[in-house]
Every structure is written in structure tokens, then in C-alpha cells.
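Worksheet for the structure shown next.
The values are calculated or read from the model by the stated rules, or taken from the named source; none is laboratory data. In this text the structure is predicted, and so the values were computed from the model without any measurement. As a convention, Cβ positions derive from the backbone with ideal geometry for all residues, glycine included, and neighbour counts pool all protein chains shown. Side chains included, ligands, DNA and RNA excluded: accessible areas come from the protein's heavy atoms. Shrake-Rupley method; radii C 1.70, N 1.55, O 1.52, S 1.80 Å.
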Amino acid sequence: MSSTHPTATRHRRNGGDLVVESLAALGARTVFGLPGQHALGVFDALRRSALRYVGLRVENNAGFAADAYARATHGVAPLLVSTGPGALMTLAALQEAAAGSAAVLAIGSQVPLAGLGGGRHGYLHELADQSASFRGVVKSVHTARTASQIPSAVAAAWESALSAPHGPVWLEIPQDVLLAEVDVPPVAQLHAIPRELLPRPELIAAAASRLTRARRPVILAGGGVVRAGAEAELLALAEQLRAPVATTFGGKGAFPWEHPLSLRSWMEDRHTTTFLEDADTLLVVGSGLGELSSNYHTFRPRGRVVQIEADLGKLESNHAALGIHADARAGLAALVKAVGEEGEVQEDHGPRDTGPAGEAGAEPATPEAAVAALLARVHDRIAGQELDLEQRILASVRDALPDGAVSCWDMTILAYWAWSAFDPRRSNALHSAQGAGGLGYGYPAALGVAVADPARPVLAVSGDGGAMYSIAELATARQYDLPVTWLIVDDGGYGILREYMTDAFGEATATELTRPDFVALAGSFGVPAVRTSPERLRTDLAAALAAPGPSVVVLPARLRMFAPTHLDA
């Protein structure tokens, strides 16, 4: 064991106290994590602070919970873990946080100072360069090598996490620094001012001119709109321009689903892709037009593209555009003002094409009519594939879920349906792992959302394969009595991989799974559970969501995906 193993002595303030005092001074109220030997100094300090600690059973799940808490609150979620294995177990969750722009402040311990520098000293959990594992994943890496560095390092990490674009950061502190006695006053005040990312005025003027003069302007809203809280600005601009709006999977809820200008989020549908391609000016906000947002890179714009993006690396990374490096809210607000200054947008913009030539005829129509025609084509395509079961199940989930509730989805077939076809009914109400695409996100993410707002029920949706990543967290849900209902769609394996492999190779390999009796297993944790059917799903799910505390609903069903359209592009 380490020579700095803590002993049972009278407490004197130490580096761990500086960590929790710094977090509290910056506005933290809740921290997630899992203790380990080298991090005990900071965990011991938690009991002397007002911070609420939520402990999960696996570090990766703690990271997913922190990710969703940050998304739900639009704030910073501290994550406390230990050295080596504990730290490395967070990497998949931090990759998702980076892809989804979630401000997770991960604080990990390190071996004692004497063990740093890459030597082979044989300390427990020792790595030659622990922080190197995080540099390609997080926004920034921070270190504190003395107690006096801790408050400033925490503040710098906090500021980085919350500057646009939001994202995860890593801070590590050696074990002996956390345990070392300090003789300084408690941290009372810290300043961390996130950097504002404002658009350049000349670029906004050029974008406003292009959009107001366009005959077929269209807007594609991504996750950056949701993270920035820019829904009101998006709605105002769309209505000013009478521009149809599609949302990416990450941007779901950014624009009202039932609005006459809403193209919804059928991003894997060729009709939608063609509609976006046909825009003479396409405004892309808060999206890098990556794989899923471009129908697997088959999107080929024929008009001009204007892109507002906070992540500089995503600006024009896939398509040439008038690139505006700015926070989505600041960029959209500036555009609303500039479009207004260009003059009142006329009610009649002149003839607008209904959409792609040959699909809706040559008759000019209003933008609202073009949207309705596009959605009708999407409906007809899905209706021709004998997918009634899948649509009934998704409708049952929507009907059972209260309007104000949040849902968190794992990587499973029903979630892929939800990306395209589910109405979240408000912004920031649907979270999924579609950024990095790792299994196991849904349930711990739902726990994080429930911690942020325990007054609202939260729904988690997983397949049986993804559920096995998070079974241990049933104990967490029970321990903190969190109001999370977990819908497990049990199809006996990795359903989407079964489909992919069967389509590609004629049969599937390594996709079939032995799994437990989920109802009995949940009961062993003291969590009420029920086995349901497609016919009873709406009733059983509504009852579970209405009951206090955690619950599980198991649906044995083998679902199918709608046919892809990118393979024929």
C-alpha cells in the first residue's frame, strides 16, 4: 500500500477540502463519482461540505450521469474518481460528453508526487502519463501539483468546461497533495467567467442578406441550439424568413414538432436529404453536418450554405460555407436583428418550389405546403414497410410519458426510431448517446437527470444488451430513491447489430445473448418491475411513471428498423 495511506487522526484541513470548497464557491451543488484509495482525501472532505454526493457503481456510469445532469441544467457537473483504472473507466463517458457538448468537470487523483514523471516506481494504479489518456478526448487537461494551485486549477477547468462549446475537462491532483495539511482560510470566492463567443458583424450582415434574398431558405438546427438555449431565437428567425426547419437527432426539441414549418428530424430519409439539398440558402446552426446529420455523408448541397458553429474544428469541416464561429444563441440573435434591419420580411416571398423536382410537381407553393408535402412523402415511405408494431410501440411510449418528462435513450432500435420519429414536446427533453454511440448511456443518464430535477419522472430506454451495462445502477436508483422508470426492450441480443450483420453477411454472429430475468433481478434490488406486452405497454408504462421512486418495465419484442436510404444515394 502507499506510504501516504490515510490514518485515523484528528482532521486538519487539507487539499481535499480545497477541492470541494472551490467547487462550492463556483456554484456546484451536486457531485457524481466513485471513491478510490488515492482520492479519499477529496471524498472525506465531502462530508464537511454542503455538496450533495451521488455515488454510482461504475465510473463510466457516473460519467454518463454527470453528462446528462450537465445537459439538463445547462451547467457544470463535477465528477470525482480515483487514479488509474478508475480514471480510465470514465473515458467512454467523457467521449460522449465531448460529442454532446456536456460540461463535465472530471477530477481524478494521481499517484503521490514522487511517482510522477514516467518512472516505474510501482505505485498502485501507476501510469506513465495518466493525463495523456485524456488529451484526445476532453476539451482541456489541468493539473495541480501543490495545494495552493488547487482553487485556481478548479476555476480554470470550470471556465473551460462552460465556455462555448461546452465540453468535458480533466483535472488531476496527486494523492499526497489531496491529503497534505493546509493553513489557509477556506475558499470563499472564485471567479470563472466563460468566454463569450460572439459572431463577427460583417459575417452576420452577409448571412442576413443571403437569407432574406433566398427563394427557398431552409434551416437545419443541431444540438448546439439546444445546448445554447437558443430555441426562442431559432423560432423567431424561422418565422421571420418563413423558412422550413429540420432538426438533427441531437437538436430534437429545438423547434416545435407540430409547427407548420417543422420538417421534424427524419435525417436518415432521402426525401428530407433532397429537400435540404434543394435549398438555395441552407442555414446550419449548431451542427457540423457529420455522419448522422448528413444521411451518412450523402448530403450534397446545391445552394449556398451558411454555418453557425461554436466548435471551430467543425466549421466547414464537411461542406464549404459562409462559416460563422459563434455560439448558436449569439449567432441566431444577431441574425434575427440583422434580418429585421434588412426590412420587414414580406408575407409573400414570391414563388417557392415545393421541393425536389419530380417529387411534388412544378407548381409553386408556400413553405408550409412544401413542409406538409415532404412529411407526407416520408409517411408514405414508412407506411410501405410493414412496421406497424414499431410505430405502435413508439406511440405508446409517447402517450405514456407526461409532457414535462425527460427521456434518455440507449443505443437500441427503439432509440433509432425515436431519433427520427419521437416528439420530445419540449427542448432539452430527450438525451441519447448518438454523439459517440456507446452502449450503456440510457439508464445512468436518466439517473443524472432525476438528480437534477427529482420532482419530474424520467424515462430510460434500453435494449437487453445495453441494459446489462447498467444493471448495477439499480442499486443507485434504490439508494437515492430516484424517480426513473426503465423500459427494457428485450429481444435476446444486440438487435441493431443482428440487423446490420444479417443484411451485410446473410447471418449474424456474436449477437445473441443469455440474459437474466429482468423482472426478478429488479425485484432483488427492491425496485418494482413488470413484464408487459405491446398491447399493455401504454398502461403499464404510465403506471410506472406515475409511481414514486424507481421502476422497471420489461417489453419482450423483436423490433425492426425502417429501410435505409443512404445506400442508394
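Listing for the model above:
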quantity	calculated
Cβ-based net charge around H259, under 14 Å, with every Lys or Arg adding one and every Asp or Glu removing one	0
Summed residue charge, Cβ within 14 Å of A87's Cβ, Lys/Arg positive, Asp/Glu negative	-3
Amide H partners (placed H, <5 Å) of T30, local residues excluded	R52
Rg/Rh ratio calculated on Cα atoms of segment 1-152 (Kirkwood radius)	0.94
Rounded Å value of the spacing that divides the Cα centres of segment 484-499 and segment 164-216	37 Å
Order by protection proxy (mean Cβ within 10 Å, highest first), peptides 86-98, 466-478, 391-403	86-98, 466-478, 391-403
Descending semi-axes in Å of segment 135-267, equivalent ellipsoid built from Cα gyration tensor	44, 16, 12
Magnitude of the charge dipole, the chain, Cβ model with Lys/Arg +1 and Asp/Glu -1, debye to 20	1080 debye
17 Å cut-off, amide nitrogen to a point 7 angstrom out along L389 Cα→Cβ, residues in segment 515-557	532-538, 554-557
Filtered trypsin sites (Lys or Arg not before Pro), segment 124-209: DSSP coil and at most 14 other beta carbons within 10 Å	R195
Relative contact order computed over segment 44-100 (Cα-Cα under 8 Å; 6+ residues apart), in percent	40 percent
Sequence-distant residues sharing a close amide H with S140 (under 5 Å, placed H)	W170
Bins of 5 Å from zero: percent of alpha-carbon pairs in segment 204-245	5, 22, 29, 26, 15, 3
Accessible-area composition of segment 55-114, carbon plus sulfur, in percent [1.4 Å probe]	59 percent
Amide H within-cut-off set for A460, under 5 Å, with H built and near neighbours excluded	C408, T485, W486, L487
The chain, Cα convex hull volume normalised per residue, Å³	161 Å³
Of all accessible heavy-atom area on segment 143-206, the percent that carbon and sulfur account for (1.4 Å)	57 percent
Rel. contact order, % - alpha carbon contacts under 8 angstrom, at least six apart, the chain	13 percent
Carbon and sulfur %, accessible surface of segment 436-569 computed with the full protein complex present, 1.4 Å	56 percent
Heavy-atom accessible area per residue - segment 227-330, 1.4 Å, Å²	31 Å²
Cα-projected label distance for R145 with L497, points at 7 Å along beta-carbon direction, nm	4.3 nm
Whole-Hz couplings from phi, Karplus 6.51/-1.76/1.60, listed for segment 218-225; x for Gly and Pro	9, 10, 10, 9, x, x, x, 5
Scattering profile of segment 497-569 at q = 0.19, 0.22, 0.25 Å⁻¹ [log10 I(q)/I(0), Debye over alpha-carbon scatterers]	-0.88, -0.99, -1.11
Packing-based order for 256-267, 272-283, using average beta carbon neighbours within 10 Å, highest first	272-283, 256-267
Euclidean distance between Cα centres, segment 61-130 to segment 516-542, Å	34 Å
Proximal aspartates and glutamates to K314, defined as alpha-carbon separation beneath 19 angstrom and excluding residues fewer than eight positions away on the same chain	E96, E196, E291, D327
Solvent-accessible area per residue, Å², over segment 46-146 with all protein chains present [probe radius 1.4 Å]	36 Å²
Radius 13 Å from Cβ of E316, net charge of other residues (Lys, Arg +1; Asp, Glu -1)	0
Accessible area (Å², per residue) of segment 440-510, counting only protein heavy atoms and a probe of 1.4 Å	34 Å²
At 1.306 mPa s and 10 °C, Stokes diffusion of segment 411-470 via Kirkwood alpha-carbon radius, µm² per second	131 µm²/s
Computed lengthening from T366 to A232, 0.36 nm per intervening residue step minus Cα-Cα distance	45.9 nm
